[in-house]
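Here is the structure we will look at, set down as structure tokens.
Since every read-out is calculated from the coordinates, none of them should be taken as a lab result. The structure presented is a predicted model; accordingly, all values stated were derived computationally and were not measured. Heads up, the Cβs are rebuilt from the backbone with ideal geometry, glycines too, and the neighbour counts pull from every protein chain shown.
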Amino acid sequence: MLELNVIFEAVHRWLEGILPQGLVTLISALGTGGIVLAFLSILALFLVWWERKVSAHMQQRLGPMRTGWHGVLQTIADGVKLVQKEDLIPSTADRPVYFWAPVICFVAAFMAYLVIPFGRGLIVQDLNIGILYIIAITTFTVVSLLMAGWGSNNKWALLGGMRSAAQIVSYEVPLTLSILGAVMLAETLSMVGIVQSQAGGFWNWLIFRQPIGFIVYYIAATAEANRTPFDIPEAEQELVAGFNVEYSGMKFAMFFLAEFVNMFTISAIAVTLFFGGWNAPHPIFNFVPSWIWFMGKSLVSVFILMWFRWTYPRIRVDQLMGFAWKFLLPLAFLNIILTGLGVLIFRN
Amino acid sequence: MAGNIIKEITDGIYNLILGLAVTFKHLFKHAITLQYPTERWEMPERSRGTIVLLSDPETGRLNCTACLLCSKACPVAAISIERIKNPDTKKFEPQSFNIDTTICCYCGLCEQACNFTAIKLTGKYEFSASDKSKLLYDMGFLQEIGRDVKYEKREKTAAKKKAVAKAETGEDVGGAPVADAKAESSPGSGEAKKED
Ligand code: SF4
Ligand code: SF4
């Protein structure tokens with residue numbers, strides 16, 4: 001009854017009644033983009049605040065307390081501060097590369113939301129290759145980080161960019177392979193299809209048939225998003241701030257926003273692939289709107305990522321590479337083989 | 001060999017979970033942050049913060065008799081006093097009493113040296129200033145910030161009274177232990193007198 005797609009469909013029908021067809025398509029395209037962008041911006045603001053609070057309480061501090069109730073407006077205040085900051089460009093920077101890096105980073109993070117199903121019928125475009133599209137589009141992040149590192153003409157930034165390239169390319173492999181298992185069971189690449197294949201109750205969720213796949217996915221995705229314990233591209237203690245050390249003002253804000261949007265993307269994919277997406281854990285909970293289930297599960301997953309960050313120390317570069325190639329990759333292959341065998345035995 | 005590797009892996013996983021459990025427990029512990037301007041520390045009674053000059057709560061006059069003991073005791077010479085003789089009472093009074101808090105090391109020796117409970121290190125803080133010259137406290141300011149400081153006038157202990165009495169009769173000026181060990185102290189004090 002509180003399903004949001006009803007509202008959008010009603011608006012669409014109303015527009016169709018009063019406007020010519022071409023205009024309706026244009027308006028709905030722009031409108032959807034605007035809504036997703038607004039949603040992501042608000043979400044990122046909330047997540048930054050939440051991360052600060054979680055980290056503070058894990059260290060028995062209070063975190064931001066002054067701006068609004070328990071500091072909820074802190075991120076907005078920080079955003080205003082960042083907007084006011086001077087937009088510095090290093091004199092030796094490669095200007096076009098330097099300028100476009102944050103834009104690509106942000107756009108790549110944002111584009112993933114084209115195929116993320118927020119609820120029943122609540123998806124911008126249900127591509128039949130949804131999950132493949134996400135993997136492809138999020139890989140752009142590494143290009144932007146490399147561009148930022150190269151364009152800044154700063155040795156720390158370059159080191160950070162190089163590290164991130166090495167890391168993300170390595171972890172991309174187990175990440176993709178870990179998703180394959182879930183795709184084999186769902187027999188579709190479409191995000192909506194994957195969610196629908198898990199309908200019915202929590203025992204149908206793929207986590208119970210793909211535990212290895214989930215673990216590999218979660219670890220590799222944490223590395224993909226440059227979160228601790230895999231945050232060597234921006235290791236503050238070694239590289240000052242890594243690839244974004246020369247950035248200030250709005251450009252820095254875009255990198256920052258993209259990081260938190262990526263964190264939510266990881267969680268959203270994990271929920272979609274392994275935790276039944278918008279489905280309620282049991283059919284008797286179906287009266288709760290599907291988007292609430294999706295957001296709830298995703299936010300729990302985001303919390304777990306934050307929890308990792310404030311618990312584990314950063315691992316060394318060689319350990320990081322060794323872990324990806326010597327441990328996660330064989331595990332992902334094992335998962336595929338086991339899944340294949342399972343499908344062969346139980347389906348036929 | 002294989003057993004070792006498996007044990008290493010299980011140990012690793014156990015420790016990862018242990019770490020998570022520790023941080024999760026801390027998430028619900030009471031935060032120890034004090035929200036400073038609205039919440040404050042209760043300063044300990046004997047904390048050595050800003051120096052104040054104490055005044056008599058009845059008359060409102062400074063306890064200080066301008067004996068200069070504190071300025072002599074101060075290891076960094078932060079205290080400078082000018083005194084005048086009051087023609088009516090024939091007693092000394094401080095005319096100016098300046099403490100340079102930029103060089104004061106808050107050792108508390110001035111407080112110990114004072115026999116009239118006139119100078120005290122308090123738990124007050126928050127006297128930061130944007131100009132160095134504002135950290136040179138004069139007599140009026142020192143008296144003003146000392147008005148609300150509760151203190152007990154130091155009573156002369158029995159041993160001290162004895163010592164004072166001895167000093168009046170021309171003998172040793174010392175504390176209780178000296179009075180107890182008369183045999184040893186008497187020759188010493190005699191020598192000191194000769195040197196004077
Ligand atoms: S506290 Fe020590 S340094 Fe400061 S004025 Fe007193 S004697 Fe001097
Ligand atoms: S403060 Fe005490 S020690 Fe210092 S001059 Fe006054 S009476 Fe003497």
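Side notes on the structure shown:
- Annotation for the stretch A:64-142 versus the stretch A:1-43: alpha-carbon center distance of 22 Å.
- Each Cα pair under 8 Å and six or more residues apart adds its sequence gap; the mean of these over the residue count of chain A is a relative contact order of 22 percent.
- Set B:K72/B:K120; B:K90/B:K150; B:K91/B:K134; A:K53/B:K29; B:K91/B:K120; B:K120/B:K153 screened for pairs whose C-alpha atoms are more than 20 Å apart: B:K90/B:K150; B:K91/B:K134; B:K91/B:K120
- For the pair A:W325 and B:A73, a Förster radius of 60 Å applied to the C-beta separation gives a FRET efficiency near 0.25, rounded to the nearest 0.05.
- Over the protein assembly as shown, volume per residue of the alpha carbon convex hull, in Å³: 314 Å³
- 10 Å Cβ shell holding at most 12 others, DSSP loop, trypsin sites (Lys or Arg not before Pro): longest site-free stretch of chain A: A:67-315
- Between the beta carbons of A:V107 and A:I76, assuming R0 = 35 Å, the FRET efficiency works out to 0.95 to the nearest 0.05.
- With R₀ set to 35 Å, the beta-carbon distance separating A:L334 from A:V288 gives a calculated FRET efficiency near 0.40.
- Here is the list for the stretch B:1-80: GluC sites (Glu not before Pro) lying in DSSP coil, each with at most 16 other C-beta atoms within 10 angstrom of its C-beta, are B:E39, B:E42, B:E45, B:E58.
- Normalised convex hull volume, the stretch B:51-145, alpha-carbon set, Å³ per residue: 99 Å³
- Positive-pole candidate from B:G12, B:L27, B:A66, dipole of the stretch B:1-135, charges at beta carbon: B:A66
- About its Cα centre, the protein assembly as shown has a charge dipole of approximately 820 debye under the convention of +1 per Lys or Arg Cβ and -1 per Asp or Glu Cβ, with nothing else charged.
- You can think of it this way: the chain between B:E58 and B:L18 has 8.0 nm of extra reach, that is 0.36 nm per residue less the Cα-Cα gap.
- Size check on the stretch A:141-246: the Cα extents along the three principal axes, sorted descending, read 53, 23, 18 Å.
- Extended-chain gain in nm, criterion 0.36 nm per residue less alpha-carbon gap, A:Q60 and A:D318: 89.6 nm
- 10 Å Cβ shell holding at most 12 others, DSSP loop, GluC sites (Glu not before Pro): longest site-free stretch of chain A: A:188-348
- Here the spin labels are modelled as points 7 Å beyond Cα on the Cα-Cβ line, and at A:A199 and A:A38 they lie 3.0 nm apart.
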